[in-house]
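One structure is given below, encoded as structure tokens.
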Amino acid sequence: MTPERPENNEAYRGKTVIVTGAANGIGRAVAKAFAAEHARVILADIDEPAGSGLERSLNASGGTALFLRTDVSNPDSIRRMIAETVTKTGQIDILINNAGIAAYASFDELAVDEWDRVLNTNLRGAFLCSQEAARHMTNGGAIVNMASTRALMSEPDWEAYAASKGGLLSLTHAMALSLAPKRIIVNAISPGWIHTRDPKNLRSIDHSQHPAGRVGKPEDIARACLFLCHPENRFITGEQLVIDGGMTRKMIYEH
Ligand code: NAD
């Protein structure tokens, strides 16, 4: 095995990985997955109690994690998080733009402030984190944007969220081209229904309606992040990986 083709369990050792929205849900599973691979994980989130708690538990179990209170809807907060990351670790290797808010409002009542809140968190936040982080990805790197199958299909009254996630898919291919000269690959994951709370609350129909036979778990997305950021997979860039148990492939006619 040459150094260019590291063993799976060595690919992330000592790498600096920023995960936004790392304190809960999918981001928490992504942070744990990279920590288990011996990465230095920056937990960037607004939820201080949950983020600090995760930092303590990862460090207690042999990982290297640092919680930095960050609001991705605030450009100054993003700049501070990136500057502190670089001060502490010297460089950045991987950025997972995961922080996001789900929001729906009736089409007629969706207010400008709410539109801005959703877009500034889900879309502008991912762009600004990428812009700041890319300046410090001096050895190349990988960025993953957490989109959604709601970028591809809809229920009524999800305009702001759907637009933010559709924007993320376009941002992904735009950045893949702009950052290619810096050897930074950029991909998106579009999760379907990923249950982040107690699985006991799910009904059997929740599982059975999925062609895969079950609702998704945060770990399904975490494994995909490891795959997309792995140095052996650098031929994949500008792409979207839909992880939804087959739901967006299911044709539905009402009889
Ligand atoms: P979650 O609500 O469980 O966790 C989101 C995390 O982001 C929280 O820790 C929260 O504190 C943090 N966050 C929210 N606003 C923030 C801000 N302004 N700055 C920094 N951190 C902030 O959500 P989740 O279900 O784990 O979703 C994670 C991502 O995956 C989101 O982008 C979401 O849109 C996307 N997604 C989730 C699903 C799903 O079914 N769970 C499906 C498709 C897409």
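Laboratory data are not the source of any read-out in this text; all were calculated from the coordinates shown. None of the values given here were measured: they were computed from a predicted structure. Every residue, glycine among them, receives a Cβ derived from its backbone with ideal geometry; neighbour counts consider all protein chains shown.
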Options Ala22, Gly216, His230, ranked by Cα towards positive dipole end of the chain, top entry (Cβ charges) = His230
request  = Just grab the label-to-label distance for Arg223 and Ala60, each label 7 Å out from Cα along the Cβ direction, in nm (one decimal).
outcome  = 2.8 nm
request  = Just give me a number: lysine pairs in the chain, eight or more positions apart or cross-chain, with C-alpha atoms less than 29 Å apart.
outcome  = 18
query = Longest segment of the chain with no chymotrypsin sites (Phe, Trp or Tyr not before Pro) in a DSSP loop having at most 12 other Cβ atoms within 10 Å?
reply = 108-234
Per-selection Kirkwood Rh - the chain (Cα, Å, 1 d.p.) = 18.6 Å
query = Per residue of the chain, what 222 nm ellipticity follows from adding -39500 (n - 2.57) for every DSSP H run with n ≥ 4, rounded to the nearest 500?
reply = -11500 deg cm²/dmol
message = If exposed means no more than 13 neighbouring beta carbons inside 10 Å and the site is in a DSSP loop, what's the longest run of the chain without any exposed GluC sites (Glu not before Pro)?
response = 110-253
task = In whole angstrom, note down how far apart the Cα centers of region 102-159 and region 235-255 are.
result = 19 Å
inquiry  = Nothing charged except the Cβ atoms of Lys and Arg (+1) and of Asp and Glu (-1): what's the magnitude of the dipole of the chain about its Cα centre? Round to the nearest 20 debye.
reply    = 820 debye
ask   = Suppose every K and R has +1 on its Cβ and every D and E has -1 on its Cβ; what is the size of the dipole of region 1-145 about the Cα centre, in Debye to the nearest 20?
value = 600 debye
ask   = Using 1/(1 + (r/R0)^6) with R0 = 25 angstrom and r between the beta carbons of Asp206 and Phe107, what's the FRET efficiency to the nearest 0.05?
value = 0.40
query = Which of the listed residues, Met146, Phe127, Ser178, is farthest toward the dipole's positive end in the chain, when Lys, Arg count +1 and Asp, Glu count -1 at the beta-carbon?
reply = Ser178
inquiry  = So if I place +1 on the C-beta of Lys and Arg and -1 on the C-beta of Asp and Glu, and nothing else carries charge, what would the dipole magnitude of region 100-162 be about its Cα centre? I want it in debye, nearest 20.
reply    = 520 debye
